[in-house]
1. Return the residue satisfying two criteria in turn: it lies in the stretch 242-287 and is part of a loop (DSSP other than H, G, I, E, B) and closer than 18 Å to Glu168 by Cβ, and of such residues it is nearest to the ligand (Cβ to nearest atom).
2. Could you give me the residue pairs with C-beta distances under 6 Å whose first residue belongs to the stretch 165-188 and is farther than 12 Å from Ile241 by Cα, whose second residue is open to solvent by 20 Å² or more (accessible area, probe 1.4 Å) and aromatic (Phe, Trp, Tyr) wherever it lies, and which are 6+ apart or on separate chains?
3. Just name the residue that is farthest from Ala265 (Cα to Cα) out of those in the stretch 324-339 that are open to solvent by less than 60 Å² (accessible area, probe 1.4 Å) and among the aliphatic types (A, V, I, L, M).
4. Restricting to the stretch 306-318, give me the number of residues that are in contact with a Lys or Arg (Cβ under 9 Å, 6 or more places away or on another chain) and open to solvent by less than 50 Å² (accessible area, probe 1.4 Å).
5. Might you check whether a residue that is outside any strand (DSSP E or B), open to solvent by 10 Å² or more (accessible area, probe 1.4 Å), within 9 Å of the ligand (Cβ to nearest atom) and not hydrophobic (A, V, I, L, M, F, W, C) occurs anywhere in the stretch 18-34?
6. Considering every residue within the stretch 188-196, establish whether at least one is in contact with a Ser or Thr (Cβ under 6 Å, 6 or more places away or on another chain), within 11 Å of the ligand (Cβ to nearest atom) and at pLDDT 95 or above.
7. Just wondering, is there one or more residues in the stretch 138-145 that are over 19 Å from Tyr305 (Cβ atoms), open to solvent by 30 Å² or more (accessible area, probe 1.4 Å) and touching a helix residue (DSSP H, G or I) at 6+ places or on another chain (Cβ under 9 Å)?
8. From Glu253, Glu246, Glu257, grab the single residue that is touching a residue at least 24 places away in the same chain (Cβ under 8 Å), farther than 22 Å from Ser188 by Cβ and open to solvent by 50 Å² or more (accessible area, probe 1.4 Å).
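The values are calculated or read from the model by the stated rules, or taken from the named source; none is laboratory data. Here the structure is a predicted model, which means the values were calculated and not measured. Neighbour counts run over all protein chains shown; Cβ positions are idealised from the backbone, glycine included. All accessible areas refer to the heavy atoms of the entire protein, side chains included, with ligands and DNA or RNA removed. Shrake-Rupley method; radii C 1.70, N 1.55, O 1.52, S 1.80 Å.
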Amino acid sequence: MTMTYPVVIIGGGLAGLVSSIELARLGIKTLLIERKAYPHHKVCGEYVSNEVRPYLENLGLNLDSLGAAHIANFRFTSPKGSILDTSLDMGGFGISRYTLDNALYELSLESGVDFQLNTIVQDVKWADDHFDIETSDSVQIEAEIVIGAFGKRTRLDKQMNRDFMNKESPYVGVKYHIKGNFAKDLISLHNFRNGYCGMSAIEDDKYCLCYLTERSNLKESGSIPDMERHILSRNPHLKHIFDSAEFLYDKPEVINEVSFASKNAVENHILMAGDSAGLITPLCGNGMAMAIRAGSMVARETTRYFLEHRSRKLLETTYQHAWQKEFALRLKIGRTVQNLFGREVLSEMALGFFKITPPILRMVIKGTHGEVFTTGSGRQAMKE
Ligand SMILES: Cc1cc2nc3c(=O)[nH]c(=O)nc-3n(C[C@H](O)[C@H](O)[C@H](O)COP(=O)(O)OP(=O)(O)OC[C@H]3O[C@@H](n4cnc5c(N)ncnc54)[C@H](O)[C@@H]3O)c2cc1C
């Protein structure tokens, strides 16, 4: 059996869901294929910057009624436990991916998006100006436009022989939900040797505890609990969390091979959005906002392609240009800043420097965030 769609989106994380909602609301028939069913947990720090709060609310999410925690302050600690506290100019909110992605999925269904859940896209072939998509349930799908919103790393990246797949990525991500007596309006970033761990409040009096570590720490310790006891807990703030919190999962969510290498926003004619186009280092706390923004951006360019009968070449160059303009500098700053942290001496020095130069810290944070945005780009494209 072959199904035909003008637009197929591969991956139903933030970028995929947001773009599907915008496209469907503009009357463009869209199919979203997602490997899992909703709701599901994901490795992510779950702190979302307010850059996208008005946008999500305009889309139809009531973040307060979903229980999102308001976060206005930032704490940074060095591996030895020195503290830097500051307020956040833009601030953000904390909400689990379990709740946020599911709420967007429901909006997406209401908007008329077709879904194939529990389905893995195994191959995408480009020929004669269209795509043939092969999925794990053997249904053949044809599409005019494919949006690749499949996240950090999948087998599709390997099949397309994308450059970053040939580079080593030494990072492992680990996430828990915990309960305890901790500040609610604070995102803290605790450094340890070759890694850092973020913690912030989410809904239902819970907190997200999520860290990124170089694989060498895990190799040296032999297991995640031993690494947490012997390496992370050398930071007294992390020791306090691991000793006093109630851990709500039997075991953590874990991902391997996290890569921050640059990627192309268009590959094999597929328009990439979110992490599949480039992942910002998590210490910037802005990958989710960027994925949401990119989802909206790809919907705008796709809408223009259909409404203005643009050529595919124009669609691809315009999208690539818009993506670079919005995100390339942020990714670069994120990579540079990450080099300062997690190194024992360097992060001690960085903390000391930022303590005496708060405006520079503010500038760095600002450099990894965009202006607050409110209206869906797809709707903007309709007006233009
Ligand atoms: C350790 C860590 C901590 C982070 N903390 C934060 C934070 O606190 N704040 C923040 O803003 N950002 C954070 N980020 C970044 C953030 O998680 C990502 O930028 C964001 O999830 C990107 O969304 P996305 O839609 O691009 O991808 P994802 O949310 O990863 O969605 C991709 C989807 O595609 C599906 N998929 C993959 N392959 C296929 C396939 N072949 N077929 C069908 N479906 C497929 C997957 O199941 C998944 O649902 C963190 C990242 C890491 C690694």
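1. So in the stretch 242-287, the residues part of a loop (DSSP other than H, G, I, E, B) come out as 245, 248-252, 259-265, 268-269, 273, 277-281, 285-286.
Filter once more, keeping what is closer than 18 Å to Glu168 by Cβ: 259-263, 278-279, 281.
Working: Ser259: 10, Phe260: 9, Ala261: 14, Ser262: 15, Lys263: 11, Gly278: 9, Leu279: 6, Thr281: 8 Å.
Only one residue fits best here, namely Leu279.
2. Partner pairs satisfying both residue conditions: Ile187/Tyr47; Ile187/Phe74.
3. Taking the stretch 324-339 first, the residues open to solvent by less than 60 Å² (accessible area, probe 1.4 Å) are 326-328, 330-331, 333-334, 337-338.
Then keep just the ones that are among the aliphatic types (A, V, I, L, M); that gives 328, 331, 333, 337.
Values: Ala328: 10, Leu331: 13, Ile333: 18, Val337: 23 Å.
Once the filter is applied, the top-ranked residue is Val337.
4. Kept after step one, since they are in contact with a Lys or Arg (Cβ under 9 Å, 6 or more places away or on another chain), are these residues of the stretch 306-318: 310, 314-315, 318.
Next, from what is left, pick out any that are open to solvent by less than 50 Å² (accessible area, probe 1.4 Å): 315, 318.
Number satisfying all stated conditions: 2.
5. There is at least one residue in the stretch 18-34 that is outside any strand (DSSP E or B), open to solvent by 10 Å² or more (accessible area, probe 1.4 Å), within 9 Å of the ligand (Cβ to nearest atom) and not hydrophobic (A, V, I, L, M, F, W, C).
6. Checked against the condition, which is being in contact with a Ser or Thr (Cβ under 6 Å, 6 or more places away or on another chain), within 11 Å of the ligand (Cβ to nearest atom) and at pLDDT 95 or above, the stretch 188-196 yields no hits at all.
7. no
8. Details: Glu253 fails: farther than 22 Å from Ser188 by Cβ; Glu246 fails: farther than 22 Å from Ser188 by Cβ.
Unique residue meeting the criteria: Glu257.
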